[in-house]
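Below: one structure, written as structure tokens.
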Amino acid sequence: MLNNRTLAQDFWKYGYIHLPGFFDSDLMRLYNNKILSHFGMDPQYIHSDAFIEQSGTDVIPWFPQKDGETCFDAVNNHQDFVSLTQEILGDGWYEQYCMVMFSKKDTLGQAWHQDCVCDNPQHFNLNRLIYTMDISADTTGGQITLIPGSHLSGIIPSHSQAFDEDAAISLSPKKGDLVMMHGHCYHKVEKVIGEYRVSTNYRSAAAQTPENITDIAVYRNMIYEFSTSTALRYR
Ligand SMILES: [Fe+2]
């Protein structure tokens with residue numbers, strides 16, 4: 001039985017929680033099939049080449065609910081998922097969007113980054129990552145590597161600043177797992193070695209958080225604005 005209070009405390013302490021077997025495997029199979037039929041195995045990139053090269057981010061996004069795929073609503077309406085989110089974010093939290101992130105074989109994954117700026121500790125996105133396939137170091141790659149507690153450490157160090165990667169841990173979520181991660185937490189995705197790698201992010205945010213909070217992401221080498229496809233600053 002889940003204890004939401006304890007999980008929320010862990011979330012605020014470590015910047016993430018990993019809950020194995022949270023979702024029904026039949027639902028995950030349905031989602032994975034929908035995702036694969038949308039992408040096929042060799043989809044085109046949506047981000048600009050310059051962004052992919054500069055940011056080291058080799059991911060193709062898809063917003064299934066915007067394409068009328070209503071089966072993805074089942075997670076939004078999952079009772080334990082909603083009550084855990086409520087415990088973490090408090091009254092007035094809201095859903096942002098459901099974004100599938102697809103990576104092809106032999107791609108880079110994602111370089112170290114924060115999903116949004118951390119000028120205001122109260123303003124952050126909550127990543128609610130669900131896994132419709134098993135991620136493993138040996139077969140797929142694409143593990144999520146993060147530094148526990150780093151959501152409290154301010155902006156991620158640039159390449160010229162000290163950065164303690166020894167403190168990092170790698171998660172290999174299995175089909176049906178849920179990972180919740182604070183948008184200020186330092187994280188990256190390892191190289192993809194299997195046929196493909198998919199995770200699905202039901203992003204949400206606390207009340208008062210601007211809806212466009214993830215428009216600006218922070219990488220070790222730059223601060224990047226997605227809506228204008230520009231590096232606001234190199235670091
Ligand atoms: Fe991220």
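The set of residues from region 57-92 being part of a loop (DSSP other than H, G, I, E, B) and either crowded, with 19+ Cβ neighbours inside 10 Å or not hydrophobic (A, V, I, L, M, F, W, C) (or both) comprises D58, V59, G68, E69, N77, H78, G90, D91, G92.
Does region 123-139 contain at least one residue that is of a type in the set (D, E) and free of Cβ contacts under 8 Å to residues at least 40 places away in the same chain? Yes, there is a match, as at least one residue in region 123-139 is of a type in the set (D, E) and free of Cβ contacts under 8 Å to residues at least 40 places away in the same chain. Residues in region 171-190 that are touching a Ser or Thr at 6+ places or on another chain (Cβ under 7 Å) and more than 15 Å from the ligand (Cβ to nearest atom) were compared, and the one that is nearest to A111 (Cα to Cα) is S172. Counting residues in region 113-130 that are of a type in the set (V, I, T), over 23 Å from T85 (Cα atoms) and at pLDDT 95 or above gives zero. Is at least one residue of region 86-104 within 16 Å of the ligand (Cβ to nearest atom), in contact with a helix residue (DSSP H, G or I) (Cβ under 7 Å, 6 or more places away or on another chain) and under 25 Å from I169 (Cα atoms)? So far as region 86-104 goes, yes, one or more of its residues are within 16 Å of the ligand (Cβ to nearest atom), in contact with a helix residue (DSSP H, G or I) (Cβ under 7 Å, 6 or more places away or on another chain) and under 25 Å from I169 (Cα atoms).
Taken together, D80, D115 contain a single residue that is away from the ligand (no atom under 16 Å from the Cβ) and either more than 13 Å from the chain's Cα centre (by Cα) or of a type in the set (D, E, K, R) (or both), which is D80. Being closer than 21 Å to I60 by Cα, touching a Leu at 6+ places or on another chain (Cβ under 6 Å) and among the small types (G, A, S) is the requirement here; does S172 meet it? The answer is no for S172. Counting only strands (runs of 3 or more DSSP E) that fall entirely inside region 169-235 and contain at least 1 residues that are over 19 Å from S150 (Cβ atoms) and in contact with a strand residue (DSSP E or B) (Cβ under 6 Å, 6 or more places away or on another chain), the qualifying elements are 178-182, 196-205, 222-225, 230-234.
If you check every pair at least six apart or on different chains, which have Cβ atoms under 6 Å apart with a residue in region 159-173 that is within 20 Å of M133 (Cα to Cα) first and a residue that is surrounded by 10 or more Cβ atoms within 10 Å (Cβ to Cβ) and at pLDDT below 95 second? Close Cβ pairs (under 6 Å, with a partner that is surrounded by 10 or more Cβ atoms within 10 Å (Cβ to Cβ) and at pLDDT below 95) do not exist here. Go through the residues of region 222-229 one by one and say whether even a single one is more than 16 Å from the ligand (Cβ to nearest atom), touching a residue at least 60 places away in the same chain (Cβ under 8 Å) and surrounded by fewer than 17 Cβ atoms within 10 Å (Cβ to Cβ). For region 222-229, residues more than 16 Å from the ligand (Cβ to nearest atom), touching a residue at least 60 places away in the same chain (Cβ under 8 Å) and surrounded by fewer than 17 Cβ atoms within 10 Å (Cβ to Cβ): present.
The values are calculated or read from the model by the stated rules, or taken from the named source; none is laboratory data. Bear in mind the structure is a predicted one, so any value in this text is a computation, not a measurement. Here the Cβ is made from the backbone with ideal geometry for all residues, glycine too, and neighbour counts use every protein chain on show.
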